[in-house]
Amino acid sequence: MKSVTEVEVKEEPLLDQRLLHKNEQNEIFLSFCNSSNSTEYLAHALLHEHHYYNDHARPLTDLMNLLECARQAETYIVHKYEKQPLDTRFILTEWACNFTANFIPTTDLLNHYVSLKIVTSNTRRVKEKLLSQSYNIDVYQDHLHIADVYMSVKYMTDNAYCVVRKEKIKAYSSKSITDFDKTTRIIPQRVFRRGENNVVVNMPIFNENQIISKLAVNMDNTAYFDHAQDHYPAMVLMEAGKQNCQLWIYEFEVGRFPVLIEMKSKFFHYAELDKDVEIISVIALGVSNNIMVFNVHLRQGGVDIAEMQYSFNVID
């Protein structure tokens, strides 16, 4: 496979943004993707200014932004090179992402390109139909290996999806954030952000080692809902788990700043739009003074729908 420096970065956007499942141009980061062989790919993405990924109390490179670049590359590969139809449904089962020891996360890579070296595995097919696939992705900035991403995804035809989802499939319409009492509304500073629209948690209940909050999303936010959805996307759930941990840090580590350095997740059920989602974060004991690890469960209707783990470097 070619090295990350052997393919020239393409600044022009990809020809068909439908292959990325994006409607809004500002939500597109992938600028180039090419196949080396049937299991290896090289992609480039531009970390341009963005209302969500650059909305932080201090300059940093958002690990979630790199995760989104990897997701766009995976989506493009499935349509462009695996030849799966545009109405194919993607069911994410596992996601993980971490910065390498080579990279200082407080480095701001705004308006820099990153390169993604992608290797697929565990591929399952029935004839021409892709059923599932795993992706190991190394992320580079220039020659520096800065992050690793892993994802495991299942694929379903639109007809099969409609059978599985049944009455849950309905027309999406934008609506504002759930109308919680203003006294319980989380201000952005408590999750180390500046923009209110990017806050996705509310109504926190604290104790010494645990915090429980509710999911509260502004569906006009294109970072979360760029196109119609009949469930909460994985990116929303990942952000909710992260912010819940950040709320605890804001409350109990006053004056310190958490930098996300690693996250892992598994998804078990769809997060329905018409039911409350409860976010439970528990701090793991026995970690170093500067690294804090949280185990997170998302529950809906008394059932676990996802589990995550987040690691933060907490700095002064």
Quiz item: Quick one: would you say residue 87 is open to solvent by 20 Å² or more (accessible area, probe 1.4 Å), in contact with a Pro (Cβ under 7 Å, 6 or more places away or on another chain) and not hydroxyl-bearing (Ser, Thr, Tyr)?
Solution: no
Quiz item: Hey, any hits in the stretch 239-247 for a residue that's open to solvent by 60 Å² or more (accessible area, probe 1.4 Å), in contact (Cβ under 8 Å) with a residue 24 or more places away in the chain and small (Gly, Ala, Ser)?
Solution: no
Practice problem: Exactly one condition in (1) modelled with pLDDT of 65 or more; (2) among the β-branched types (Val, Ile, Thr); (3) open to solvent by 90 Å² or more (accessible area, probe 1.4 Å) is not met by residue 183; state its number. | Solution: (1)
Quiz item: Which condition breaks for residue 265 when tested against (1) outside any strand (DSSP E or B); (2) over 20 Å from residue 206 (Cβ atoms); (3) of a type in the set (S, T, N, Q); (4) open to solvent by less than 40 Å² (accessible area, probe 1.4 Å)?
Solution: (1)
Practice problem: Could you tell me which residue of the stretch 124-144 is most open to solvent (accessible area, probe 1.4 Å), considering only residues that are outside any strand (DSSP E or B) and within 21 Å of residue 79 (Cα to Cα)? | Solution: 127
Quiz item: Would you pick out the residues in the stretch 279-299 that are in contact (Cβ under 8 Å) with a residue 60 or more places away in the chain, of a type outside the set (Val, Ile, Thr) and buried (at least 18 other Cβ atoms within 10 Å of the Cβ)?
Solution: 281, 298
Quiz item: Can you tell me which residue in the stretch 186-215 is surrounded by the most Cβ atoms within 10 Å (Cβ to Cβ), limited to those that are closer than 14 Å to residue 54 by Cα and among the hydrophobic types (A, V, I, L, M, F, W, C)?
Solution: 199
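Just checking, which of 102, 111 is open to solvent by 60 Å² or more (accessible area, probe 1.4 Å), modelled with pLDDT of 95 or more and assigned to a loop (DSSP other than H, G, I, E, B)?
On the way: 102 fails: modelled with pLDDT of 95 or more.
Residue meeting the stated conditions: 111.
The values are calculated or read from the model by the stated rules, or taken from the named source; none is laboratory data. Because the structure is predicted, anything quoted here is derived from the model rather than measured. Neighbour counts are summed over all protein chains in view; Cβ atoms, including those assigned to glycine, are modelled from backbone coordinates with ideal geometry. Just so you know, the surface numbers come from the protein's heavy atoms only, side chains and all, with ligands and any DNA or RNA stripped out. Shrake-Rupley method; radii C 1.70, N 1.55, O 1.52, S 1.80 Å.
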